[in-house]
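The values are calculated or read from the model by the stated rules, or taken from the named source; none is laboratory data. Please read these numbers as outputs of a predicted model, since none were measured by experiment. Note that each Cβ is placed from the backbone with ideal geometry, even for glycine, and that neighbours are counted across all protein chains shown. Remember, those area values only see protein heavy atoms, side chains included, never the ligands or the DNA or RNA. Shrake-Rupley method; radii C 1.70, N 1.55, O 1.52, S 1.80 Å.
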Amino acid sequence: MLRYFTTGESHGEALVAVLSGLPAGLKIDQAFVDRELWRRQQGYGRGGRMKIERDSAHILSGVRHGLTIGSPISALLENKDWKNWQESLPVEEGDPAKHKRVGSPRPGHADLAGALKYNFPEARYILERASARESAARVAIGAMAKLFLRELGIDILSHVVAVGEVSIAAEMSWDQIAAVCGREEILLNCADAQVEQRMRDEVDKVLKTGDSVGGVFEVVARGVPPGLGTYAQWDERLDGLLAGAVMSLQAVKAVEIGTGISSAASPGSTVHDEISYKASSGFAGFQRGGNHAGGIEGGISNGEEIRVRGYLKPISTLRRPLQSVDFASREPVKAAYERSDVCVVPAAGVAGEAMVALTLARCALEKFGGDSMGETLRNFRGYCQQLKTY
Ligand code: EPS
């Protein structure tokens, strides 16, 4: 069973991710893992922190001589900013005068709910863990899940569909998305260059006004065979698992599979993807007229591209803060402001890819099993053969 955990605070010494359950004998390409981490750090609208960090996964265990050994993998991502926080966030008792309080909760952030829940008089420890910095750890192990899925012919990418009110009009093909993801300079990771410029203007607008902006990313997985996930139990449905995984990312407030949102307002005749047959096509010869289903029907992958969208609220730290209350005096004050990003949609898309990869890897391992890659691939190929001769 594939399981994973992350630990770490935004301004602590490091993030640590643990991934358990990958079969032995998978090649771990360090350059690929670090490139994924780099991708997550890009995007127009990031704040000053990304000038400090240069993320790299320092693998501590579970990989020897470049291959997984079937033991849990742990990876450490250093926070370069730690050197500026050692005195205000020490592990040991330290000097209370040096602590950096967050005295008034930001609407939309975890600050207030977290302080109430964990019974802290202010929000410093809350934002330290609620911060999207944690998603870097998920991207590190998500990259390993991607390397596993690649062996099965499955690839995953993302692109930005909307920033604020600016959005792309048409569905982007895999090749268009791959071209934008392969760039050495990532602006807003939008596959339509003209729309991307308008997205940039949208970010500039909120930068000028001290505001922030949200948006929509889409994760696409191609090469997924029919048969991952099942309707047999509610918690085994692939759409449910993907929705939970993507929704768990910081600032995601809604998840859509395929054209789920517009489908709710459309007649069935325009939503459901008609079926045809051509022996040489796909996994089992069946073809679809479209992909409104986003590659999932009945909680099972159907062999089409899986398309999952994450809807991000605007970042909750505003340079022109909203109204709040002082934790200590309970007097009305402006919400706390700390250095922040104003737009993170491209970065969230990369983190979304990681969550989709971890979810698909888990479902693939549940279906094909295997303690070594040889065993997993043998089972996988046997299943693909079964589909071919269906
Ligand atoms: C974040 C605030 C900013 C972001 C951070 C998430 O960090 P800082 O407070 O250090 O300026 O840059 O995101 C990351 C560090 C990251 O790696 O994505 C927050 O409060 O959520």
In the set 10, 74, which member is assigned to a loop (DSSP other than H, G, I, E, B), crowded, with 16+ Cβ neighbours inside 10 Å, under 21 Å from the mean Cα position of the chain (by Cα) and polar (S, T, N, Q)?
10
Out of curiosity, is residue 24 in contact (Cβ under 8 Å) with a residue 60 or more places away in the chain, in contact with a helix residue (DSSP H, G or I) (Cβ under 6 Å, 6 or more places away or on another chain) and under 26 Å from residue 364 (Cα atoms)?
no
Collect the residues in segment 41-93 that are more than 22 Å from residue 28 (Cβ to Cβ), away from the ligand (no atom under 16 Å from the Cβ) and among the hydrophobic types (A, V, I, L, M, F, W, C), keeping them in residue-number order.
91
Return only the number of the condition from (1) under 30 Å from residue 200 (Cβ atoms); (2) open to solvent by less than 20 Å² (accessible area, probe 1.4 Å); (3) more than 25 Å from the chain's Cα centre (by Cα) that residue 380 does not satisfy.
(1)
A careful count of residues in segment 196-235 that are open to solvent by 60 Å² or more (accessible area, probe 1.4 Å) and within 20 Å of the chain's Cα centre (by Cα) gives 1
Quick one: in segment 332-346, of everything that is away from the ligand (no atom under 11 Å from the Cβ), among the hydrophobic types (A, V, I, L, M, F, W, C) and more than 25 Å from the chain's Cα centre (by Cα), which residue is most open to solvent (accessible area, probe 1.4 Å)?
333
Would you please name the residue that is farthest from residue 161 (Cα to Cα), looking only at residues in segment 258-283 that are surrounded by 15 or more Cβ atoms within 10 Å (Cβ to Cβ) and touching a Lys or Arg at 6+ places or on another chain (Cβ under 7 Å)?
273
From the options 193, 179, 137, residue that is small (Gly, Ala, Ser) and open to solvent by less than 10 Å² (accessible area, probe 1.4 Å):
137
For the structure I just gave you, tell me whether residue 305 is acidic (Asp, Glu), over 30 Å from residue 212 (Cβ atoms), under 27 Å from the mean Cα position of the chain (by Cα) and open to solvent by 30 Å² or more (accessible area, probe 1.4 Å).
yes
Quick one: residue 100 ticks every box in (1) more than 14 Å from the ligand (Cβ to nearest atom); (2) charged (D, E, K, R); (3) not in a helix (DSSP H, G or I) except a single one, so which number is it?
(1)
Check whether at least one residue in segment 307-314 is in contact with a Gly (Cβ under 7 Å, 6 or more places away or on another chain) and over 27 Å from residue 248 (Cβ atoms), and report yes or no.
no
Of the criteria (1) assigned to a loop (DSSP other than H, G, I, E, B); (2) among the aliphatic types (A, V, I, L, M); (3) at pLDDT 95 or above; (4) open to solvent by 20 Å² or more (accessible area, probe 1.4 Å), which one residue 249 fails:
(4)
Of the criteria (1) away from the ligand (no atom under 16 Å from the Cβ); (2) hydrophobic (A, V, I, L, M, F, W, C); (3) more than 30 Å from residue 2 (Cβ to Cβ); (4) out of contact with any helix residue (DSSP H, G or I) (no Cβ under 6 Å at 6 or more places or on another chain), which one residue 203 fails:
(1)
